[in-house]
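Enquirer: A single structure is presented below for examination.
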Amino acid sequence: MIVREERIGGCRLIQGDCLQVMPTLGPVGHVICDPPYEDRLHAARSHPSKLRKDAGPELKEIDFSSVDAIRSQIVSIAGTACHGWVIAFCVMEGVRPWADEINISPIKYKKACFWVKPDCTPQFNGQGPASGGEAFVTAWCGKGHAKWNAGGKRGVYTHNVNPTDRHGAHPTEKPWRLFAELLRDFTNAGDTVLDPFMGSGTTLVACAKLGRKGIGIEIDPDYFDVACKRVEDAYRQPDLFVAPPEPPEQKKMDV
């Protein structure tokens with residue numbers, strides 16, 4: 001079931017099948033993950049063109065199955081294990097199937113949010129608009145009203161796909177700063193965050209930088225090794241532990 005396990009700082013990295021490992025972990029604070037794409041986009045991204053012009057790492061072919069066949073199981077297991085937020089990235093067309101599965105479960109579906117990609121690839125064939133970002137669904141597993149740290153903030157997050165420190169080993173790698181912003185908004189210091197689709201470890205990198213405890217599960221041994229190295233590097237660079245900016249304060253003016 002668990003092929004290999006590494007503990008690095010406050011993070012626990014597990015190589016194995018998430019459907020088998022998740023039920024053995026016990027309760028966690030939150031599930032924040034980037035599952036495989038849905039069938040439609042998965043097929044389109046399986047053979048990416050080499051279009052990078054900025055000397056960054058080219059997109060790799062997707063070498064794993066789509067999420068459609070296991071979505072209901074993920075929702076069921078996450079709803080049992082989690083007592084905070086469940087966040088799952090998806091294509092825009094994937095919001096509906098995620099919402100449908102969540103709405104028939106005990107989890108409370110909340111909102112679909114959007115990640116804006118200012119540097120996303122244009123639609124070079126000119127046959128229609130390029131995709132400007134990705135969605136992610138949010139759901140609450142806790143008791144009572146949902147709680148987060150961002151007040152009335154809109155659910156729109158803007159981060160480049162290809163920052164200068166993009167690792168590039170995984171074909172669908174998300175920027176760690178995006179996940180750091182999510183952690184600040186949806187979790188608190190010391191919380192345990194589970195990523196059942198760890199990939200190259202971006203969620204756990206953000207956990208290391210923001211003082212959250214991370215659990216990551218990845219079935220592929222090569223991506224697992226990359227994740228271990230990235231998490232180790234995150235803990236070796238304390239200068240990157242950047243505190244969030246102070247919230248704006250309305251000053252009283254003398255009249």
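The values are calculated or read from the model by the stated rules, or taken from the named source; none is laboratory data. None of the values given here were measured: they were computed from a predicted structure. Every residue, glycine as well, gets a Cβ built from its backbone with ideal geometry; the counts of neighbours run over all protein chains shown.
Enquirer: Please list, ordered by first then second residue, the pairs with beta carbon atoms under 8 Å, 6 or more apart or interchain, first in the range 74-97 and free of Cβ contacts under 8 Å to residues at least 12 places away in the same chain, second assigned to a strand (DSSP E or B) and of a type in the set (Val, Ile, Thr).
Expert: none
Enquirer: Here's a follow-up. Between residues in the range 27-48 that are under 21 Å from residue 201 (Cβ atoms) and at pLDDT 90 or above and residues that are buried (at least 23 other Cβ atoms within 10 Å of the Cβ) and among the acidic types (Asp, Glu), which pairs lie under 8 Å by C-beta distance while being six or more apart or on different chains?
Expert: 31/195; 32/195; 33/195; 34/195
Enquirer: Looking only at the range 197-220, which residues are aliphatic (A, V, I, L, M), surrounded by 21 or more Cβ atoms within 10 Å (Cβ to Cβ) and not in a helix (DSSP H, G or I)?
Expert: 198, 215, 217
Enquirer: Here's a follow-up. Scanning the range 110-160 for residues that are under 17 Å from residue 29 (Cα atoms) and among the aromatic types (Phe, Trp, Tyr), which turns out surrounded by the fewest Cβ atoms within 10 Å (Cβ to Cβ)?
Expert: Restricting to residues being under 17 Å from residue 29 (Cα atoms) and among the aromatic types (Phe, Trp, Tyr), the top hit is 148.
Enquirer: One residue is enough: does the range 221-239 have a residue meeting the conditions within 16 Å of the chain's Cα centre (by Cα), among the acidic types (Asp, Glu) and part of a helix (DSSP H, G or I)?
Expert: no
Enquirer: Identify the single condition in (1) closer than 23 Å to residue 74 by Cα; (2) outside any strand (DSSP E or B); (3) not small (Gly, Ala, Ser) that residue 164 does not satisfy, given that it satisfies every other one.
Expert: Checking residue 164 against (1) closer than 23 Å to residue 74 by Cα; (2) outside any strand (DSSP E or B); (3) not small (Gly, Ala, Ser), the one that fails is (1).
Enquirer: Can you tell me which residue among 189, 139, 130, 180 is farther than 14 Å from residue 203 by Cα, small (Gly, Ala, Ser) and under 16 Å from the mean Cα position of the chain (by Cα)?
Expert: 139
Enquirer: Please work out which residue is farthest from residue 174 (Cα to Cα), limiting yourself to the range 127-138 and to residues that are part of a strand (DSSP E or B) and of a type in the set (A, V, I, L, M, F, W, C).
Expert: The selected residue is 137.
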